[in-house]
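For reference, the structure is listed below as structure tokens.
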Amino acid sequence: FPVTIMKEAFPAMGPVKTQIVGAIDKLREEAALRVKEDMNYQLTEVMSEYRSEHERLLWSLPITGSAFKKVYYDPSLGRQVSVFIPAEDIVVPYGASSIERAERVTHVMRKTPNDLLKLQEAGFYRDCDLGDPTGELDDIEKQKAEEQGMSAIQDERFRILEMNVDLDLKGFEDVNKNGEATGIALPYVVTIEKGTGKVLAIRRNWYEGDRLHLKRQHFVHYQYIPGFGFYGYGLIHLTGGIVTGK
């Protein structure tokens, strides 16, 4: 399954193809070719992690049923990145139907003290004292380590919670034509260090000038078999009952 998809997704000419919508002329064909060549260069040369992260996603997907990809600008690298996120690191409210319509999407990240310091120096995170990492491991991490035949040791990284939420912030309220506050919550990205509970960043999550304040999407949700809830079904769900005799 993953090998077949990788061959289709990454042919020799590159993963990106272009399609001209509407009338076709020489100028549009030349523009489409430039876009195709530039995007293939970005994905295969500049974003060096793109292919390997996508392959990791494909190997994880049939087992767990859900896998995520996050596309964002990394200030410490100075470029766009596209990384695989396992299902256990994406948390949504119970009853969410899709990642696009979820009222809150939390990405659980782990960063070393040096990585965090670089982001603080770049101005991406607020400069504040966080002390030492707590090093705690949750139940899922311990269980995964045991299943892989490893002992769950202390994690010397900070646990960062990056939450995509809707907020009605004082001083930044949504206003109507008369300049009156409407009380409507707007999309923001709030980043918190879990151990101390300190807020590292609050950023607007809609394009400047967008009167509808539509939430920007940074995550792509892949499902092996669509489930009845938010997460998809994988082989572990389909065969679990048979293996355990239930």
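The values are calculated or read from the model by the stated rules, or taken from the named source; none is laboratory data. Computed from a predicted structure; not experimentally measured. Cβ: placed from backbone, ideal geometry, glycine included. Neighbour counts: every protein chain shown. These accessible areas exclude ligands, DNA and RNA; they are computed on the full protein's heavy atoms, side chains included. Shrake-Rupley method; radii C 1.70, N 1.55, O 1.52, S 1.80 Å.
The table below lists the values:
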read-out	value
Residue list for the range 99-112, filter: in a loop (DSSP other than H, G, I, E, B) and open to solvent by less than 30 Å² (accessible area, probe 1.4 Å)	I99, A102
Close pairs from the range 68-84: first within 12 Å of F124 (Cα to Cα), partner of a type outside the set (D, E) and assigned to a strand (DSSP E or B), Cβ under 6 Å, at least 6 apart	Y73/Q80; D74/V81
Sole residue being under 30 Å from Y231 (Cα atoms) and surrounded by fewer than 18 Cβ atoms within 10 Å (Cβ to Cβ), chosen from V71, V35	V71
The lone exception for P93 - which of (1) surrounded by 14 or more Cβ atoms within 10 Å (Cβ to Cβ); (2) in contact with a strand residue (DSSP E or B) (Cβ under 6 Å, 6 or more places away or on another chain); (3) at pLDDT below 95 it fails	(1)
Out of S76, S82, sole residue that is at pLDDT below 85 and among the hydroxyl-bearing types (S, T, Y)	S76
Any hit, the range 76-83, residues being open to solvent by 60 Å² or more (accessible area, probe 1.4 Å) and assigned to a helix (DSSP H, G or I)	no
Residue match in the range 231-239 (condition: polar (S, T, N, Q) and open to solvent by 70 Å² or more (accessible area, probe 1.4 Å))	no
